[in-house]
1. Would you tally the residues in segment 182-200 being touching a Phe, Trp or Tyr at 6+ places or on another chain (Cβ under 6 Å) and assigned to a loop (DSSP other than H, G, I, E, B)?
2. Testing residue 155 on (1) under 24 Å from residue 240 (Cβ atoms); (2) of a type in the set (Asp, Glu); (3) in contact (Cβ under 8 Å) with a residue 12 or more places away in the chain, one condition comes back false. Which one is that?
3. When residues of segment 236-264 are filtered for being out of contact with any helix residue (DSSP H, G or I) (no Cβ under 7 Å at 6 or more places or on another chain) and either part of a strand (DSSP E or B) or of a type in the set (A, V, I, L, M) (or both), how many remain?
4. Somewhere in segment 121-130, is a residue under 13 Å from the mean Cα position of the chain (by Cα) and either closer than 20 Å to residue 202 by Cα or at pLDDT below 95 (or both)?
5. Could you grab the pairs with beta carbons closer than 8 Å, sequence gap of 6+ or different chains, first residue in segment 205-226 and aromatic (Phe, Trp, Tyr), second one buried (at least 17 other Cβ atoms within 10 Å of the Cβ) and in a loop (DSSP other than H, G, I, E, B)?
6. Working only within segment 214-264, note down all residues that are surrounded by fewer than 20 Cβ atoms within 10 Å (Cβ to Cβ), in contact with a Leu (Cβ under 8 Å, 6 or more places away or on another chain) and at pLDDT below 95.
7. So, in segment 185-204, how many residues would count as being within 20 Å of residue 158 (Cα to Cα) and without any contact (Cβ under 8 Å) to a residue 24 or more places away in the chain?
8. Listed residues 206, 188; which is over 19 Å from residue 128 (Cα atoms) and either buried (at least 17 other Cβ atoms within 10 Å of the Cβ) or under 23 Å from the mean Cα position of the chain (by Cα) (or both)?
Amino acid sequence: MKQLRSLFLAVCAIAFSISVYGQKDTLTKDGLYLEYNLPFYRSDPLKLMEAMNQNKELDSPADEDMIRGILDRATKAIGLKYKALPQYIISEQFGLCYPPANPKELLWTTGNSIDSQWIHEDGECILFMQCSGDKPSINGKVPEADRTKYKLPEEYLYGWIKPSVNVEPMSLKKVTEEEKEEIKKKITFWTPEKAKEVFNAQYVITYPIKSEKSVYMGKYTHKMDLMMIKWEEHLTVSFLLTKKGYKQIDKYLKEVEEAFRFED
């Protein structure tokens, strides 16, 4: 019982996910395929304690218990405006299921918590959104007076990107100079002028993920990340594409360009 109470104290204040039963290969009203995705719900500490005391399972959460509005709050926190595009089905925050539902290489390159998933109506492209708002920033808060001196924190950035371009787990080891040079060959920096014109950002970086094992839902075999950065904050958009979708990636990129823009 002491172990149960310790577990309760550790998790009662945070969100947790509960499997939802049903037709797992069917798109839910929340824009998720439950075979591959897990909705996130907020815990009810009283219900959790009662269930632990009585050694019984928790009831399935009600729809209103689902965590909502993460992308709205996160983008607002970093001064990034976005408009929902009508040609996409947009989800709330969710978690990627662990293997065998999804390959481990996909989790290495995207993480397992996605702020929002945008599914294109043509079914050939899915976007994963991950925003730094309300989360640890790239390099801590940059005082407004120092923003003209702000430089891209390469050490952090390359450590963040390395698992994606090398398709390996994130490591606490410092990125070596040799690895930095290797990563630089695989990423593309937009010109400062283009970054400002399109997203009103300081930096925009794109890089392809070329792992044949980093496949989503068995059909999205191509992947590219786009990271837009302003001061200490960023939004990463992962483009997951079928073979057909990959041939028209410029169309999806243009739609993202129309949807997001940093405030002045």
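1. The total comes to 3.
2. (1)
3. 6
4. Step one: list which residues in segment 121-130 are under 13 Å from the mean Cα position of the chain (by Cα), which gives 126-130.
Add one more test, that the residue is either closer than 20 Å to residue 202 by Cα or at pLDDT below 95 (or both), and what stays is 129-130.
Yes, there is a match, as at least one residue in segment 121-130 is under 13 Å from the mean Cα position of the chain (by Cα) and either closer than 20 Å to residue 202 by Cα or at pLDDT below 95 (or both).
5. 207/187; 216/36; 216/102; 220/242
6. Once the filter is applied, which keeps residues that are surrounded by fewer than 20 Cβ atoms within 10 Å (Cβ to Cβ), in contact with a Leu (Cβ under 8 Å, 6 or more places away or on another chain) and at pLDDT below 95, segment 214-264 yields only 263.
7. 7
8. 188
The values are calculated or read from the model by the stated rules, or taken from the named source; none is laboratory data. These numbers come from a predicted model, not from an experiment. Every residue, glycine among them, receives a Cβ derived from its backbone with ideal geometry; neighbour counts consider all protein chains shown.
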